[in-house]
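This report refers to the structure that appears directly beneath it.
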Amino acid sequence: MKYKWLNLKQNDKLIVFFNGWGMDECVVKHLEPTDFDVLMFYDYTSLLFDENLIKRYKNKYLIAWSMGVMTATLFDIKYISKTAVNGTMKPIDNKFGIPAKIYDLTIKNFSDENAKKFILNMFDVDTKLPDLNRDFENLKQELIALKNYNANPNFKYDRIILCNNDKIIPTKNQAAFWGIEPNFKSGHCPFFNFKRWDELL
């Protein structure tokens, strides 16, 4: 697991952001941190984590997106609030996530072209695609690794952002998992509809 500080100003409050599969900071770098430090985790080919990164912060807030919704549950971090964005704790699941057959076919047929098509489906048609700086072979390895992780069933999210037009993790499957209706108009990546990190808390 990799990390990157998106804001490090020695603030008292920390937002921990668990990114989605295949992503880097390009989807959230426009968000204003206001009075928060912001630490992003991404690339879940491994789950190595240095607790010293966040040790000094008493006030920690979680925002997790897509595959990050499941991955964030695997770490024993005490948060004041926990927001899940377009993801479930069963992200590879016929009823509650991406159908297993589709996920396996994505891995089997993985190529530069197919990866680009997959990533394109994350965004609304009128969104200017961000510049993603990830190696495609690494993306495939991350897909494979994610199949081996299972969420902590005792983990509880406080806020769910569920978009109405998710082409990656079907909206109806997310709605079935959380027991709620869609509450935001967007595709799988809604971050360009926000200006500040604290709007997601």
- Antiparallel %, DSSP beta bridges [both residues in the stretch 2-200], to 5: 20
- Could you tell me which of rounded, prolate or oblate describes the stretch 1-57, using a ≥ b ≥ c as the square roots of the eigenvalues of the alpha-carbon gyration tensor, with rounded for a/c under 1.5 and, failing that, prolate when a/b is larger than b/c and oblate otherwise? oblate
- Query: Using just the C-alpha positions of the stretch 2-200 as equal point scatterers, what log10 of I(q)/I(0) does the Debye formula give at each q in 0.09, 0.13, 0.15, 0.16 1/Å?
  - Reply: -0.30, -0.66, -0.91, -1.05
- Query: Taking amide H positions as placed 1.01 Å from N in the peptide plane, with prolines and chain starts having none, which residues 5 or more places from residue 11, or on another chain, fall under 5 Å of its amide H?
  - Reply: 37
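The numbers here are math on the coordinates, done by the rules we state, and not lab data. Computed from a prediction, not measured in an experiment: that's the story for all the values here.
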